[in-house]
Each structure stands twice: as C-alpha cells, then as structure tokens.
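Step one of this worksheet: look at the structure below.
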Amino acid sequence: MKNLKFDGRYKDDILTGRKRATIRLGRKINLRPGEEVLIHAGGYVLGKARITRVETKTVSELTDEDARKDGFRNRDELIEALREHYKFVKPNSPATIVEFEMTKVLDKPILSADFPYEGNNPIEIAEKALEYLDNLSFEEVALLKLFLKEGSLRKAAMKLGGLNKRYKIREVLRKAYEELKKRGIMEPKI
C-alpha cells in the first residue's frame, strides 16, 4: 500500500476532516483516484484514505477553494505554507493537488516505523520470537537479543557498526513477525 506523509502540524486537521487535500510542488505524484493509501503525520500512521482526485495546476492557478480543501483559510495562506516546505515557489511552478477521504481512522495512531509489522511493536515481536520460535538461526537470535538489550533499532545498529545495519534487524523482525502470524501467536493491528 502506498503512503501519503504529512508534517505533524497537520495531524489534527486531517483527523477532523478540515484537511482533505494536499498540494505538493511538482508533477511526479504516483497516486491515482480510487487508490487506498496510508496517511502518516508526524511519524505516525493515522489511518487509511482513498484518493478521490489528482490534478496538476501551476501555483498561480491555485484557488481559495484549493486552499480550503488543504486546510488553509485562503490561497495566500496556502502559498505561505508552500514556501515553508519548498525552497523555490514560483507562479509557474507545477503544483499537484491530491484530494483524499479518510476511510479508516485508527483509535490509537501507530508509529510509522512499526507499520511494517502491521501495527505490532517490534520489541513485543522480538520477545515473542525468542519465546516461541525454535527455527531461528544463531545470528537471528543474537540480533533479536541485541535489539532487546539496546531497546531500539538505532542503538542496536550502532553496536553492529552503524545505522546502515538497521536493515539486518528489520529483516529478522519481519521474518519473525510473519512466522508468529502464521502460527496464530500475533495478528495485525491495522
């Protein structure tokens, strides 16, 4: 599923329905009407939405109505916000309007980093994997134990030699989660 990410300051406007669109500079938006996306704000998955409209205009063609759908009072306020997010905003810059409607709002937002595990906490996955899975390799067990000892992917990766080592722990967590799910020990929370 595709993702639509927002700055954390827009979270409440998204959840209340005041923000039903986003305007992004550029034409390269890989979204189509009818697609379902995960809505992220401030590092959290808030829920799912369906894309209802995608249209490209120039910045000078943006209207007050476009601004209101994006949660702003008027076009001037929208342009000011675009200037905060983008280095160069010119009248002829392409601006893609993506309208969406929330189809599912989570009772409790999930950390975006936890979403690959369908809303389950990685620490809980590691604990359950060590408790229930007997088919883990020596290296996988060692990585899960290191992750639990350090308490975060970042700290564990640093012990392995750098942040670029996070993928090793993530791979083990994904594999363990899929196996726990297959055995009925864990299930998706979203």
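Taking region 43-71 only, how many residues are surrounded by 18 or more Cβ atoms within 10 Å (Cβ to Cβ), farther than 27 Å from L111 by Cβ and of a type in the set (V, I, T)?
Of the residues in region 43-71, 1 are surrounded by 18 or more Cβ atoms within 10 Å (Cβ to Cβ), farther than 27 Å from L111 by Cβ and of a type in the set (V, I, T).
Just to be sure I understand the filter: pairs with C-beta atoms under 9 Å, separated by 6 or more residues or on different chains, first member in region 27-41 and in contact (Cβ under 8 Å) with a residue 40 or more places away in the chain, second member exposed (fewer than 10 other Cβ atoms within 10 Å of the Cβ). Which pairs pass?
E36/M1; V37/M1; L38/M1
Is it the case that N3 is open to solvent by 50 Å² or more (accessible area, probe 1.4 Å), within 22 Å of P188 (Cβ to Cβ) and either in contact (Cβ under 8 Å) with a residue 12 or more places away in the chain or among the aliphatic types (A, V, I, L, M) (or both)?
Yes: the conditions hold for N3.
Any idea which of (1) surrounded by 19 or more Cβ atoms within 10 Å (Cβ to Cβ); (2) at pLDDT 95 or above is the one H40 doesn't satisfy?
That leaves (2) as the condition not met.
Which count do you get for residues in region 84-100 that are surrounded by 11 or more Cβ atoms within 10 Å (Cβ to Cβ) and either among the hydroxyl-bearing types (S, T, Y) or not in a loop (DSSP other than H, G, I, E, B) (or both)?
The qualifying residues number 10.
Any residue at all in region 99-119 that's more than 27 Å from G34 (Cα to Cα) and at pLDDT 95 or above?
No, region 99-119 has no match at all.
Of all residues in region 159-180, how many are closer than 19 Å to I110 by Cα and without any contact (Cβ under 8 Å) to a residue 12 or more places away in the chain?
The total comes to 1.
For region 74-94, how many residues are of a type in the set (D, E, K, R) and closer than 18 Å to F6 by Cβ?
Looking only at that region, the number is 4.
Would you point out which residue out of K28, K48, K87 is within 22 Å of T103 (Cα to Cα), modelled with pLDDT under 95 and among the charged types (D, E, K, R)?
K48
How many residues, within region 101-124, are of a type in the set (V, I, T) and open to solvent by less than 70 Å² (accessible area, probe 1.4 Å)? Before you say what the answer is, go through the steps one by one.
Narrowing region 101-124 to residues of a type in the set (V, I, T): 103, 105, 110, 123.
Then drop every residue that is not open to solvent by less than 70 Å² (accessible area, probe 1.4 Å), which leaves 110, 123.
Residues that pass the stated criteria total 2.
Among the residues of region 171-187, count how many are farther than 22 Å from E139 by Cβ and small (G, A, S).
1
Return yes when P109 is more than 17 Å from A41 (Cα to Cα), touching a Leu at 6+ places or on another chain (Cβ under 8 Å) and touching a residue at least 12 places away in the same chain (Cβ under 8 Å) and no when it is not. Break it down into steps so the answer makes sense when it comes.
Numbers: more than 17 Å from A41 (Cα to Cα): no; touching a Leu at 6+ places or on another chain (Cβ under 8 Å): yes; touching a residue at least 12 places away in the same chain (Cβ under 8 Å): yes.
Considered against the rule, which asks whether it is more than 17 Å from A41 (Cα to Cα), touching a Leu at 6+ places or on another chain (Cβ under 8 Å) and touching a residue at least 12 places away in the same chain (Cβ under 8 Å), P109 comes out as no.
Run down E127, E179, E150 and say which single residue is among the acidic types (D, E), open to solvent by 60 Å² or more (accessible area, probe 1.4 Å) and modelled with pLDDT of 90 or more.
Working: E179 fails: open to solvent by 60 Å² or more (accessible area, probe 1.4 Å); E150 fails: open to solvent by 60 Å² or more (accessible area, probe 1.4 Å).
Going through E127, E179, E150 in turn, just one is among the acidic types (D, E), open to solvent by 60 Å² or more (accessible area, probe 1.4 Å) and modelled with pLDDT of 90 or more: E127.
For I79, indicate whether it is under 17 Å from L25 (Cα atoms), open to solvent by less than 50 Å² (accessible area, probe 1.4 Å), modelled with pLDDT of 95 or more and assigned to a strand (DSSP E or B).
Criteria not met by I79.
Looking at N74 and the list (1) surrounded by 15 or more Cβ atoms within 10 Å (Cβ to Cβ); (2) free of Cβ contacts under 8 Å to residues at least 12 places away in the same chain; (3) of a type outside the set (V, I, T), which single condition is not satisfied?
Here N74 clears every test but (1).
The values are calculated or read from the model by the stated rules, or taken from the named source; none is laboratory data. Since this is a predicted model, take the numbers as computed values, not measurements. Ideal geometry is used to build each Cβ from the backbone, glycine not excepted, and the neighbour counts take in all protein chains shown. Heads up: the accessible areas ignore ligands, DNA and RNA and are worked out on the full protein's heavy atoms, side chains in. Shrake-Rupley method; radii C 1.70, N 1.55, O 1.52, S 1.80 Å.
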